[in-house]
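Got a structure here, written out as structure tokens. Questions coming.
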Amino acid sequence: MPVFEYTGKDAAGKTIKGVLDVDGVRALKAALRRDKVFLTEYREAAAKGGKGQKVKAGVEQKQGSREVDFGELLTSISPQDIAEMTRQMATLLKASVPLVEALSATVEQIENPKLKRVLAQVRTDVNEGAPFWRALSIHENVFENTYFNMVRAGESAGNLDVVLLRLADFTESQVKLRNKLIGALTYPLIMLCISLVIVTGMMVFVVPTITSMFTDMGADLPLITKLLIGLSNLLTHFWWAGVLAVFLGWRAFLRWKKSEVGADTFDRTVLRIPVLGDLLRKIAIARFSRTLSTLLSSGVPLLTAMEIVENVVANRILAKVVAEARNAIREGDNIAGPLKRSGQFPPMVVHMVAIGEKSGELEDMLKNVSESYENQVDTRVQALTSLLEPLMIVFMGVVVGFLVAAILLPMMKLTQAVQQGG
């Protein structure tokens with residue numbers, strides 16, 4: 001009889017490890033289910049006391065199977081995929097379709113092979129008695145804490161379809177916000193890349209040919225032309241040093257940014273950048289208020305919701321403020337106090353949070369805050385787009401003007417010298 005080393009979670013979510021002597025994986029799951037332990041990983045001990053390969057529960061493969069789905073390897077799961085899957089699930093559950101059947105129907109409709117496999121595993125685990133939220137929590141690289149905590153609250157309250165609908169709306173709102181930012185930056189980035197390619201090509205192939213003519217004639221070159229020749233020589237002969245410097249600099253920056261001091265300094269500095277800092281703050285506040293409102297309206301306890309939101313806010317300075325607010329709540333204080341003392345949240349946000357706490361309508365107030373700031377973000381993004389386009393044109397004009405001046409000035413001097421000599 002095989003011996004299995006296993007890892008699982010009990011009803012409280014605590015990790016449990018142990019060893020069982022059972023007939024197989026199915027018997028192992030059944031034995032643990034009787035003890036109210038949900039299996040997450042197992043490993044069969046080899047015959048001579050060695051250890052077999054560790055396997056995640058729900059992803060067992062047929063013996064000898066070596067097939068690799070390269071399509072799945074090249075596919076990623078986007079937030080939009082999650083939103084569409086969630087909305088399909090909500091629609092089916094609202095129509096009183098049982099959970100396992102709803103999962104089966106959704107698996108059939110999903111086109112993303114990676115998400116299809118993950119949801120099929122979730123269906124298997126739910127069919128074997130696991131709560132839906134716990135089956136989702138195993139795949140934490142796909143489903144965020146926000147997701148399965150809301151599902152957990154929905155299962156407990158018996159309104160899973162409503163919670164899934166809110167989750168779909170929440171995920172789609174985050175996707176729209178991200179797409180707006182990407183759309184605003186796409187055109188300037190494309191123009192910048194094209195400009196860099198053109199300028200680099202001219203520096204490497206065109207400029208050396210023209211400037212060699214000036215050098216051969218022994219012309220007295222102006223400073224701007226000497227600078228152009230220096231840049232051209234640098235790109236032509238020492239390009240590898242530039243690539244190496246950029247690579248090492250980027251690695252050093254990432255290492256510094258991962259440190260405690262570096263991360264705090266970077267996030268604090270970013271918030272102080274004119275225009276961009278204000279935009280990033282508004283995005284963070286919109287995400288904070290939208291996430292907290294969605295969690296609270298779905299029945300997630302306030303302390304748990306604050307802990308989740310702390311990890312959702314993409315700025316460490318603002319995340320620390322949320323952590324301070326969570327600690328204050330644990331000690332009997334309110335949310336608005338720490339937000340106000342930090343100086344990082346605008347007075348309007350603090351005021352609306354305070355009103356929501358006093359009136360018992362915090363979720364609605366936070367929803368109003370999120371809608372207001374999402375509209376402000378939309379306006380700022382449009383303004384930023386309108387500003388970046390002429391700035392890119394000016395930048396390209398300056399670059400072209402520099403190249404033209406660096407080439408024409410010595411030509412004009414040579415022409416004058418020839419005329420005077422004649």
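FYI, it's all coordinate maths here, none of it is from the lab. What you see is a predicted model; the values in this text were computed from it and never measured. Backbone-built Cβ (ideal geometry, glycine too); neighbour counts: all protein chains shown.
Give K94/K367; K116/K180; K176/K282 a once-over and call out the pairs whose C-alpha atoms are over 21 Å from each other.
The pairs that break the limit, which is 21 Å between Cα atoms, are K94/K367; K116/K180.
Would you mind computing, in nm to one decimal, how far apart the modelled labels at E140 and K257 are, each placed 7 Å from Cα along Cα→Cβ?
The two pseudo-label positions are separated by 2.4 nm.
Can you match Cα extents along the principal axes in Å to one of these, (1) 106, 64, 42; (2) 68, 54, 51; (3) 77, 61, 36, based on a calculation from the structure here?
Looking at Cα extents along the principal axes in Å for this model, the match is (1).
Which of L165, L318, L32 moves the most in a Gaussian network model of the chain with Cα springs under 10 Å?
L32
Take the alpha carbon atoms of region 211-235, find their center, do the same for region 300-377, and report the distance between the two centers in whole angstrom.
60 Å
Next up: Give me the dipole magnitude in Debye, nearest 20, for region 72-143 about the Cα centre, with unit charges on the beta carbon: positive for Lys and Arg, negative for Asp and Glu.
Value, rounded to 20: 120 debye.
I've got another one for you. Using 7 Å Cα-to-Cβ label points, what is the E357/L189 separation (nm, one decimal)?
3.9 nm
Could you please rank L254, L103, L279, placing first whichever residue has the fewest other Cβ atoms within 10 Å of its Cβ?
Sorted ascending by nearby Cβ count, the order is L254, L279, L103.
Relative to a virtual label point 7 Å from the Cα of V206 in the Cα→beta-carbon direction, which members of region 370-405 show backbone nitrogen distances below 15 Å?
Correct set: 396-405.
Further question on the same structure: What nm value, rounded to one decimal, do you get for the distance between N327 and D216 when each label is placed 7 Å out toward the C-beta?
It works out to 7.3 nm between the two label points.
Specify whether the C-alpha gyration tensor of region 303-422 places it in the rounded, prolate or oblate class, a ≥ b ≥ c being the square roots of the eigenvalues: rounded for a/c under 1.5, otherwise prolate if a/b is larger than b/c and oblate if not. Intermediate values should be presented prior to the final figure.
Numbers: a/c = 5.68, a/b = 3.75, b/c = 1.52.
Note, shape of region 303-422 comes out prolate.
Just to confirm a number: summing +1 for Lys and Arg and -1 for Asp and Glu over residues other than N145 whose beta-carbon lies under 12 angstrom from that of N145, what do you get?
Computed value for this residue: -3.
Please pull out the direction-averaged projected area of region 174-324, using the convex hull of its alpha-carbon atoms, in nm² to one decimal place.
About 12.9 nm², averaged over all directions.
Related question: Give me L276, L388, L362 sorted ascending by neighbouring Cβ count inside 10 Å, so fewest comes first.
Working: L276 13, L388 18, L362 23.
By the 10 Å Cβ count, ascending, the order reads L276, L388, L362.
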